1. For Asn351 and Leu23, what does the FRET efficiency come to when R0 = 30 Å and r is the distance between their Cβ atoms, rounded to the nearest 0.05?
2. Would you list Tyr160, Tyr67 from the most to the least accessible area, probe 1.4 Å?
3. What is the set of long-range amide H partners of Leu59 at a cut-off below 5 Å, with H atoms built 1.01 Å from backbone N?
4. Can you give me the distance in nm between label points at Phe364 and Arg333, each placed 7 Å from the Cα along the Cα-to-Cβ direction?
5. With the chain treated as a Gaussian network of Cα nodes joined by springs under 10 Å, which of Pro277, Pro193, Pro244 yields the largest mean-square fluctuation?
6. Hey, can you grab everything whose amide H is under 5 Å from the amide H of Leu186? Only 5+ residues off in sequence or another chain; H modelled, so Pro and N-termini drop out.
7. Report ³J(HN,Hα) in whole Hz for each residue of segment 183-197, in order, from the Karplus equation J = 6.51 cos²θ - 1.76 cosθ + 1.60 where θ = phi - 60°; Gly and Pro get x.
8. Would you tally the net charge around Glu384, using a Cβ to Cβ cut-off of less than 12 Å, leaving Glu384 out, and scoring K and R as +1, D and E as -1?
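The values are calculated or read from the model by the stated rules, or taken from the named source; none is laboratory data. This one's a predicted model, so the numbers in the text were calculated from it and none came from an experiment. All Cβ positions, even for glycine, are placed from backbone atoms using ideal geometry, and neighbour counts span all protein chains on display. Calculation scope for accessible area: heavy atoms of the full protein, side chains included, ligands and nucleic acids excluded. Shrake-Rupley method; radii C 1.70, N 1.55, O 1.52, S 1.80 Å.
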Amino acid sequence: MLWRKKQITPARIIIVGFALLILTGTLLLMLPISTKGPGGASFLDALFTATSATCVTGLIVQDTALYWTTFGQFIIILLIQIGGMGVVTVAVAVAVFSGKKIGLKQRWVMQESISAPQVGGIIRMTGFILKSLFLMEGIGAALLAVRFIPEFGVARGLWYSVFHSISAFCNAGFDLMGIKSPFSSLTDYTGDPIVSLTIAFLIIFGGIGFMTWKDVRQHKYHLRAFSLQSKLILATTAGLILIPTLLFYFFEFGRPVWDSLSSGERILASFFQAVTPRTAGFNSVDLTSLSEPSQAITILLMLVGGAPGSTAGGFKVTTLAVLVLTASAILRRQSAPECFGRRLMPEALMNAATIVLLYFTLFFTGGAAICAMEDITLMEALFETASAVGTVGLTLGATPTLGTISKLILIFLMYFGRVGGLTLIYAMLSGKNRQTSMYPQEKVTVS
């Protein structure tokens with residue numbers, strides 16, 4: 001049985017918590033008050049939207065601004081906020097504010113939920129997460145209001161500012177710019193530094209993880225005092241922003257198709273396009289106009305995602321760092337991967353290899369299945385599945401046109417990407433007999 005009282009593990013609580021939140025969101029979005037048209041949303045459209053919002057993905061089958069009412073948009077942003085914080089984090093926060101005592105079991109679940117290194121101080125960590133989240137979202141909303149209030153008026157401008165700030169910090173990618181053109185995202189703000197840079201930095205801040213922000217708060221600019229994980233996250237994130245930005249600027253936005261963009265707009269577009277695939281889902285340029293190499297780079301960035309314990313998805317930057325460091329150690333004939341004066345544990349490589357294999361298997365299998373069933377190219381299908389399993393939300397325009405089975409595939413991939421591959425596996429295998437003996441070793445040549 002998946003759920004027995006004696007076998008209630010953090011992994012099972014997390015996957016069931018997300019499933020219940022998605023179901024609740026689906027039922028609320030099916031209410032007639034949630035949609036502008038008569039009759040309410042269909043179950044599949046509501047399920048897809050609720051899954052995308054809860055899993056902070058951003059893939060949509062109906063334009064958010066044109067199809068959903070203000071009430072429906074509020075449900076969507078509420079799902080994004082809870083999904084970005086984590087169901088367990090929200091539950092613990094509610095319990096703390098209501099004065100209930102948090103036991104060791106709840107602290108253990110919370111530790112697993114936010115990828116904390118230890119149970120001690122987990123309640124203080126919850127308070128820090130809430131303060132950091134609302135502070136950054138508030139600052140983001142204030143900056144966006146500078147642009148949106150003059151453009152949309154006070155009431156709508158404030159709502160748009162809050163909505164997009166939450167969506168960006170939680171790495172969701174939902175937007176309300178369909179009032180200008182359906183499914184247009186932020187393409188009207190390609191050269192707008194206030195909107196582009198505010199959204200981009202909210203994505204980065206949400207994607208590096210709360211444990212990293214805790215290190216920043218405690219140690220300020222003394223990088224040597226940071227944990228190894230925080231150092232890896234910051235270094236890998238910087239590289240995954242800088243290198244793609246340069247590639248996009250020199251090899252993509254130098255193409256004749258982008259001649260209408262000024263030099264400043266190309267710099268902003270390059271930076272934004274390097275940031276948003278990890279894992280937000282906003283786009284400031286038409287993605288269908290990107291060359292296939294640029295689309296391939298975007299797919300890889302979507303699969304990598306952000307940091308553990310963050311609002312971002314993907315197989316995580318630390319996983320990529322572990323694989324790169326291991327390859328470097330092998331090439332240099334070192335006995336173990338090392339960085340920042342520390343040696344990585346062997347199980348880190350085993351977990352990293354398993355996670356990447358899972359993600360690439362689901363990414364390619366799902367893409368091949370969708371390509372076989374739909375009238376789209378393999379590149380378009382792989383772009384959709386990478387966006388779903390990486391909980392990104394970028395699309396080449398295929399999502400609204402997909403059939404029922406293809407949408408169900410994307411729903412599963414979004415759910416898998418948010419709760420995490422190892423979380424699902426541990427939930428299914430918890431209680432199984434652990435290995436108590438070991439077979440003799442024998443060498444296998446790998447070349």
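1. Plugging the Cβ-Cβ distance into 1/(1 + (r/R0)^6) gives 0.50.
2. Tyr67, Tyr160
3. Those qualifying (amide H under 5 Å, at least 5 residues apart or on another chain) are Gly393.
4. About 3.2 nm, to one decimal.
5. Looking only at Pro277, Pro193, Pro244, the largest GNM fluctuation is found for Pro193.
6. For Leu186, the qualifying residues are Asn283.
7. Here the 3J(HN,Hα) series is 6, 8, 6, 10, 5, 7, 10, 4, x, 8, x, 5, 6, 4, 6 Hz.
8. Taking every other residue near Glu384 into account, the sum is -1.
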